[in-house]
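Q: Supplied in C-alpha cells, the structure appears directly below.
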Amino acid sequence: MKTLLILNDPPYGTERSFNGLRLAKALSSEKADVSVFLMADAVVCAKAGQKVPQGYYNLELMVKSVARKGEVLLCGTCMDARGLTDDELVEGARRSTMKELVEQTLAADRVLVF
C-alpha cells in the first residue's frame, strides 16, 4: 500500500511537519511504501546543516531517515521562492514538480496532508 504525505508547514514553530515526518518514519519502519512531498515553508525541512538546541528535535535528521527507506520530494517553485538550492538539500531529498505531485497522488492509496 502506497502512502503519500504532503507537508506544508515550516520545520520549526509548529509541530505539523514534525508530526508528518514522525508518521512517515514510522510507516517506513513497517516496510510501507512512503513518499513525502514538501511544499511551501516545509521545503526548509530538507535543508542540510540545521543546528537546533540540544534536546530539540532536528527535522534534517528525520528527513534523512525517511529518505533512506522512502522518497522525499520538494516543490521546486517553493524552493526557488525561499532561495533554497539543490546543493543545500539533505542527501536523498530532491527537487520535484507539481506534475510529479499529481502522479504521486494518483498512484497513492492514501494521501495525508499536514
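The values are calculated or read from the model by the stated rules, or taken from the named source; none is laboratory data. Since the model is a prediction, treat every value here as computed from it, not as a measurement. Cβ: placed from backbone, ideal geometry, glycine included. Neighbour counts: every protein chain shown.
Q: For the condition under 13 Å from ILE6 (Cβ atoms) and assigned to a helix (DSSP H, G or I), what is the one hit in LEU74, LEU61, LEU23?
A: LEU23
Q: When you scan the range 47-57, do you find a residue that is touching a residue at least 24 places away in the same chain (Cβ under 8 Å), surrounded by 18 or more Cβ atoms within 10 Å (Cβ to Cβ) and of a type in the set (A, V, I, L, M, F, W, C), even just one?
A: No, the range 47-57 contains no residue that is touching a residue at least 24 places away in the same chain (Cβ under 8 Å), surrounded by 18 or more Cβ atoms within 10 Å (Cβ to Cβ) and of a type in the set (A, V, I, L, M, F, W, C).
Q: Further question on the same structure: Identify, please: which residue in the range 65-79 is surrounded by fewer than 18 Cβ atoms within 10 Å (Cβ to Cβ) and in contact with a strand residue (DSSP E or B) (Cβ under 9 Å, 6 or more places away or on another chain) and is, among those, farthest from ALA32 (Cα to Cα)?
A: In this case the residue turns out to be GLY76.
Q: A follow-up question, please. Kindly provide the set of residues from the range 77-101 that are among the hydrophobic types (A, V, I, L, M, F, W, C), touching a residue at least 40 places away in the same chain (Cβ under 8 Å) and not in a loop (DSSP other than H, G, I, E, B), ordered by number.
A: The answer is CYS78, LEU89, ALA93, LEU101.
Q: If you go through the range 26-46 one residue at a time, how many are surrounded by 19 or more Cβ atoms within 10 Å (Cβ to Cβ) and among the basic types (Lys, Arg)?
A: Result for the range 26-46: 0.
Q: Tell me, yes or no, whether the range 88-95 has at least one residue that is in contact with an Asp or Glu (Cβ under 7 Å, 6 or more places away or on another chain) and within 18 Å of PHE114 (Cα to Cα).
A: There is no residue in the range 88-95 that is in contact with an Asp or Glu (Cβ under 7 Å, 6 or more places away or on another chain) and within 18 Å of PHE114 (Cα to Cα).
Q: Being in contact with a helix residue (DSSP H, G or I) (Cβ under 6 Å, 6 or more places away or on another chain), at pLDDT 95 or above and not in a loop (DSSP other than H, G, I, E, B) narrows it down to one residue among VAL36, VAL44; which is it?
A: Checking each option against the conditions leaves just VAL36.
Q: Consider the range 93-114. How many of its residues are more than 13 Å from PHE37 (Cα to Cα) and either acidic (Asp, Glu) or within 15 Å of the chain's Cα centre (by Cα) (or both)?
A: 1
Q: Taking ASP86 as meeting all but one of (1) surrounded by fewer than 13 Cβ atoms within 10 Å (Cβ to Cβ); (2) within 23 Å of GLU30 (Cβ to Cβ), write down the number of the exception.
A: (2)
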